[in-house]
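Below is one structure, written out as structure tokens, with a few remarks after it.
Please treat every number below as a calculation from the coordinates, not as lab data. If you're wondering where the values come from, they're calculated on a predicted model, not measured in any experiment. Because the Cβ atoms are built from the backbone with ideal geometry, glycine has one as well, and the counts that use them run over all protein chains shown.
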Amino acid sequence: MRPDRSSVSSTKSSARVKRRAIALGAIVSLVFALLAGQLFYLQVIRGWEFKRRARAVARRQLPIPAQRGEIFDRHYDFPLVVNQDSFAVDVIPGEVPEEKRKELFQRIASTLDISVEDIEKKVPPRYYHLYQPIELKGGVGFETVAYLAEHLAGFPGVTWHNKPIRNYLAKGSLSHVIGYVGDISREEIQVLYNQGYSFGAVLGKSGVEKQYDLLLRGRDGTRFRMVDVREKYLKGRTEEDIPPEPGKNLVLTIDRRLQLLCEKALGERIGSVVVLKPTTGEILAMVSYPYYDANLFFAEKGSREFTRLSLDPTFPFINRAIQSSYPPASAFKMVMSTALVEEEVFPLTRKITCNGQIFYGDRIFHCHLRKTGHGPLEFFGGLAESCDVYFYSVGDELGVERIVYYSREFGLGQRSGIDLPGETQGFLPTPEWKQRTQAMIWLGGDTLNISIGQGYLLVTPIQMANIVSMIVNEGKVFRPHVLKEVRDPVTGDLTREVEPELLRVTPIRKETFAIVQKALRGVVTEGTAKVVLTTEAVEVAGKTGTGEVGFEDRWHSWFAAYAPYQTDDPDERVVVVVMVEAENEWEWWAPKAANVIFQGTFAGQTYEEAVETIRPWWYILQQREAEAAALQAGGDEAGGTALPGSAGTSASLAQETR
């Protein structure tokens, strides 16, 4: 019996459906298996990675400013700079209603005493959607923050946070040494970003604050916050904050008492004072006038004060001890004397007659100190009397090449390398320079001019201090520095001590420097400084200098010296350089100020005590003559003899020094 065709067809159709169902089931199962595997791969195998990415997208890191290190003088017993609690005002642009933005900016500008333009620069339109705070002004006082808190409804989006500011306890002349800080600028962040600086960071702008900013700033901490898609902060923390590390404390080489003495001795005269320890290069005092009060920059109207000082024609931001250069005038004769003795171009006993002028070519070169002439002078007399005619002859015999060589040996035309920013290198002219820049040959008159420290030659006060240091150290110069120690801010432990660094050693003979030292002592005992250096606290050796400025009767006043002249302990010696600019009324003040500084330094006196102690030269001569006469007459009370005109001498000198 044949099978029914319809049943066979039905069986085949059922088998096909079954096979298709199985295949479809297999495909679906495979798809689900693949999806499950992919899901397992994404959630389990790579889950930590995507979780990290999601957290990175939603997490924000806010810096916690580190406490800036304090600064001390060499005694480490009183801070010169500390930190003071203060506030910074921020705005969250995304929380500011668009229709109230202009009005709010004007209200903030009026409250914080800043311009609307400054706010618009910090909060440009592309930031309007952000919910991150943008700092508008730091150094805001508690009264202003209290006002904002009381009127918070009128300041939507405005917040504030604690931000310490610097408090400079040592005001006055230390401003140039210590410097000041300020908010980092966009230009600075482009340079310093890889060193860990960010927007809103506080950066040293000048002085020690700038030079050692990396030590002082410490390391900022981090505060972690979560944000939504609109950058709005969410409550709760995902990670523990990383606390900041405070900056190191710095101990300077500066002696604050000596600094005050030098500041008062210079007075309100445009110029500078440098007191240096020649055996180590330590700067014991550095004064530049005029100076400024950096605390005013953090006041409510600090920007106006900064602008006012920036436009001041006396340039109070310039540290004249290292950033201004002048003709060294007769103080350069220390270099010329060293070259003369070392080269032996003619005997030191040779006398040159000064008639007040010499003829050189078709020009007349005058002796500026004494128009009528000094008469015949040998080496010691020529330097003591600072005779230009004598040193014209020295320069003519040496020649410009040897003058340039010895000038370079003393470090002229080169930066001293002091650890303060902005040092200038002065200028040492050469025949090659004149030919290259002016298309003119070097003339004999140029050599004569440079021989007395005039012409194109320019020297900074710190370079002048190094000249004296080389003479004192008999051929060695140590790099000048103001940093003495670095200490831990918590324990106070010493972490670094600055060792003296030998800057230069010259092949000039020690015997040469010994002769020059003797000649410099003669300047004080028998020469130009005799009438001014009246201190009896210590023996001083040095050189005066009066630099002509232009064609007017205006003069720079120099005095570069050291003391004690003779000692068994070279470490007690100090170099003092005083430079008073011609902008002041002429009074030859540099040696007068140095007289007070040496008296106060070696007698352990304040400025007022030093002025009270020292007497004018004529007073001392009268006193010595009276004592000699009394001894010759057999008087027993010569020391107590009252001299005519002695009453009120101290008072008059004190008045003169003001």
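Of note:
- Shown for 354, 262: other C-beta atoms within 10 Å of each C-beta, ranked fewest to most, produce the order 354, 262.
- Given their separation in residues at 0.36 nm each and the Cα-Cα distance between them, residue 153 and residue 633 gain 163.4 nm when the chain is fully extended.
- Taking chymotrypsin sites (Phe, Trp or Tyr not before Pro) across segment 111-203, the ones in a DSSP loop with at most 16 further Cβ atoms lying within 10 angstrom of their Cβ are 128, 131, 199.
- For segment 570-600, GluC sites (Glu not before Pro) are listed when DSSP marks them as loop and at most 13 other Cβ atoms sit within 10 Å of their Cβ; the list is 583, 585, 587.
- Surface/4 of the Cα convex hull for the chain, nm²: 53.2 nm²
- Net length available on complete extension from residue 518 to residue 433 is 27.1 nm, with 0.36 nm assigned per residue and the Cα-Cα distance removed.
- Whole-percent P(r), segment 433-583, all Cα pairs, 10 Å bins from 0: 9, 28, 31, 20, 9, 2, 0.
- Theoretical ellipticity at 222 nm over the chain - DSSP helices of four or more residues, -39500 (n - 2.57) apiece, nearest 500: -11500 deg cm²/dmol
- Cα-based Rg and Dmax for segment 340-390, where Dmax is the largest Cα-Cα distance (Å): 11.2, 31
- Efficiency of FRET between residue 441 and residue 268 - r from beta-carbon atoms, R0 45 angstrom, step 0.05: 0.50
- Efficiency of FRET from Cβ geometry, residue 78 and residue 408, R₀ 51 Å, rounded to 0.05: 0.80
- Taking GluC sites (Glu not before Pro) across segment 533-564, the ones in a DSSP loop with at most 15 further Cβ atoms lying within 10 angstrom of their Cβ are 536, 552.
- Here 277, 210 are placed in order of increasing Cβ neighbour count within 10 Å, fewest first, which gives 210, 277.
- Estimated FRET transfer efficiency when R0 is 56 angstrom, pair residue 10-residue 43 (beta carbons, to 0.05): 0.70
- Principal axis extents of the C-alpha atoms in segment 367-418 (largest first, rounded to whole Å): 42, 25, 18.
- Our summary gives the chain a relative contact order of 13 percent, counting only alpha carbon pairs under 8 angstrom and 6 or more residues apart.
- Multiplying the residue separation of residue 625 and residue 502 by 0.36 nm and removing their Cα-Cα distance gives an extension gain of 39.6 nm.
- Inter-label distance for residue 359 and residue 526, nm, one decimal - labels placed 7 Å from Cα along Cα-to-Cβ: 3.2 nm
- Spatial offset of segment 88-155 relative to segment 376-411 amounts to 66 Å, using the alpha carbon center of each.
- Distance histogram in 10 Å bins (all Cα pairs of segment 278-436, percent per bin): 8, 26, 27, 21, 11, 6, 1
- Shape of segment 39-183, Cα gyration tensor, a/c cut at 1.5: oblate
- Among 363, 615, the ranking by other beta carbons within 10 Å of each residue's beta carbon, starting with the fewest, stands as 363, 615.
- D_trans [Stokes-Einstein, Kirkwood Rh over alpha-carbon pairs] for segment 257-614, 37 °C, 0.692 mPa s, µm² s⁻¹: 156 µm²/s
- Computed on the Cα atoms alone, the convex hull of segment 91-162 gives a volume of 81 cubic angstrom per residue.
- For the chain, with +1 on Lys and Arg beta carbons and -1 on Asp and Glu, the positive-most of 498, 75, 442 along the dipole: 498
- Label-to-label distance, residue 132 versus residue 351, with points set 7 angstrom from Cα along the beta-carbon direction: 8.4 nm.
- Set of lysines near residue 122 by C-alpha distance (under 23 Å), chain-local residues within fewer than 8 positions excluded: 100, 102, 137, 163, 205, 232, 301
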